[in-house]
Each structure stands twice: as structure tokens, then as C-alpha cells.
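Just below is one structure, and these are the notes that go with it.
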Amino acid sequence: GAVVSQHPSWVICKSGTSVKIECRSLDFQATTMFWYRQFPKQSLMLMATSNEGSKATYEQGVEKDKFLINHASLTLSTLTVTSAHPEDSSFYICSARSGRPTQETQYFGPGTRLLVL
Amino acid sequence: AQKITQTQPGMFVQEKEAVTLDCTYDTSDPSYGLFWYKQPSSGEMIFLIYQGSYDQQNATEGRYSLNFQKARKSANLVISASQLGDSAMYFCAMTGAPGNEKLTFGTGTRLTIIP
């Protein structure tokens, strides 16, 4: 149980294009999902907290117009990297809160590797 | 503010031996949650174990146990009888009081199991 999927797993795109990443909770409903970014050999950095039916809460320094988050349903959140540039190349990973073993436990998707050329 | 410190950037352990990964934390919240995640080279973050700050017993999940020492603010992960598949990055993380569900991660420890 507590499975989170993420799509796509790999994206290579040209500079200036927009990229949409989907995060789905497959076997539970997630009122809250989280989006992280991870650079090579570094830890995860929280970008934003996505709440179903309301606007996302962005961490300091994260441009909300650059990283658009939509939490349309209890099982789906999307992250759109708008007008992507090479510096946006990174590993993006989402998580969703499950009630198991505690309401705080976050289960992660497999991640999306984005390469902007 | 919460802070997680993992002081071991890398560890090498012989297969079948036990290994302890260190984690210390700092928080002003009276209640909090402590987590360990495993990240293999594929990148996914795998939830291993959880310890609540008010839990009396140390958490255990199969070969994983969490050595929780509240007074020392430490939450070390112990892996018994290590296997080659345990080679990965391990992250310690914490959440704060109810309403503060953001996960704060440590810098991670890269564990390599030697056959």
C-alpha cells in the first residue's frame, strides 16, 4: 500500500519549453502532496506544498510563476516547469501524505529526471 | 526551525554485519516525528521506519530499528545482517508538531555493502 506514481520518469527538452510532471497517489487519497528538487549528491529540497482544492504554498526562493502546481483531485498533483532553462535541470520528486503509520508519513514517487538542453 | 545532522557522508560495511547510521536532530517543537528513508541509485525514496517523539519503545521494522535517545536528540538507524541490496543513500528526516508536516532532511549517508 501507499504507492505514489510519477510521470514521466525522464524528460529531455529544449530551453524555453514547458514541462508537466504528474504525481498520483494510487491506493490512497492525499489531501496534501509535496514537491521536492534534488541536485546530484545533495539532499532533497522542498519546493512547495500542494493542497487539494487550494493554492500551493511555496518555499522561500521558489518562483511560483516558474513552477506551477495544480492539485486538481485527491489523487493527482501536477508540477509544470514553465519556460525551462538548463539551470532547471534536476531530479524532481513528489510525495504524498498517507495515514500509515502516521498522518505525517510521506510516501514518495519514483522521481522525474529533467534535462533541459 | 528544525535541523537534521548526519555526520557520516559515507560508510563501508562487510556483508552480514550490522551497521549504525547516525542522526541527530534539533527542534523546539514538543512533539515531532522522525523518519528514515532509503534512496537507491534509481532515485526513489523508500520509507523505512518512523519514530514518534512520544513513543516509549524504539521502532522496529524487520531488519531496521531506530535507536531513539530523546535526551541526546539522536535517532540512529540500525540495520542488522546487512545485505548487498542495502547499498544506497540513507536520509534521516523529521516533521514538527501537528500542522507542521514539512519534512526536513539531513544530508544523507551513502552506505556501501562489501561482499
Open item on the list: Students often forget the sequence filter, so: which lysines lie under 28 Å Cα-Cα from B:K70 once same-chain residues fewer than 8 apart are removed?
Closed with: B:K3, B:K38, B:K102
Open item on the list: If R₀ is 35 angstrom, what is the calculated FRET efficiency for the pair B:N58 and B:M11, using the beta carbon separation as r and rounding to 0.05?
Closed with: 0.95
- [ ] Sort out for me the Cα centre separation of the range B:17-37 from the range A:68-117, rounded to whole Å.
- [x] 24
- [ ] Within the range A:1-56, list the trypsin sites (Lys or Arg not before Pro) lying in a DSSP loop whose Cβ has at most 11 other Cβ atoms in a 10 Å radius.
- [x] A:K14, A:K41
Task: List of the range B:92-115 residues, accessible area with partners at least 30 Å² below that of the chain alone (1.4 Å probe) - done: B:E101, B:K102, B:L103, B:F105
- [ ] Indicate the residues belonging to the range A:77-117 that lose 50 Å² or more of solvent-accessible heavy-atom surface (probe 1.4 Å) upon moving from the chain alone to the assembly of all protein chains, ignoring ligands and nucleic acids.
- [x] A:E104, A:Q106, A:F108
Task: lysines with Cα under 22 Å of A:K14, excluding same-chain neighbours fewer than 8 positions away - done: A:K64, A:K66
TODO: Report, to the nearest whole %, how much of the accessible area of chain A belongs to carbon and sulfur atoms, 1.4 Å probe, protein only.
DONE: 53
Open item on the list: Could you compute how much accessible area chains B and A hide from each other, both sides summed, with a 1.4 Å probe? Nearest 100 Å² is fine.
Closed with: 1600
TODO: Quick one: pull the percent of accessible area on the range B:30-115 belonging to carbon and sulfur, 1.4 Å probe, ligands and nucleic acids left out.
DONE: 50
- [ ] Report the GluC sites (Glu not before Pro) located in the range A:16-79 that are in a DSSP loop and have at most 11 other Cβ atoms inside 10 Å of their Cβ, or state none.
- [x] A:E63
Task: Neighbour net charge for A:S5 - beta-carbon separation under 14 angstrom, K R +1, D E -1 - done: -2
Task: Unit charges on C-beta of K, R, D, E only; dipole of the protein assembly as shown, Debye - done: 180
Task: Per residue value of the accessible surface for the protein assembly as shown (all protein chains in place, 1.4 Å probe), Å² - done: 48
Open item on the list: Among B:G52, B:G43, B:G96, which one shows the highest mean-square fluctuation when chain B is modelled as a Gaussian network with alpha-carbon springs under 10 Å?
Closed with: B:G43
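The values are calculated or read from the model by the stated rules, or taken from the named source; none is laboratory data. Since the structure is predicted, the reported quantities are computational estimates derived from the model, not experimental observations. Cβ: placed from backbone, ideal geometry, glycine included. Neighbour counts: every protein chain shown. Accessible surface areas use protein heavy atoms only, side chains included; no ligands, DNA or RNA. Shrake-Rupley method; radii C 1.70, N 1.55, O 1.52, S 1.80 Å.
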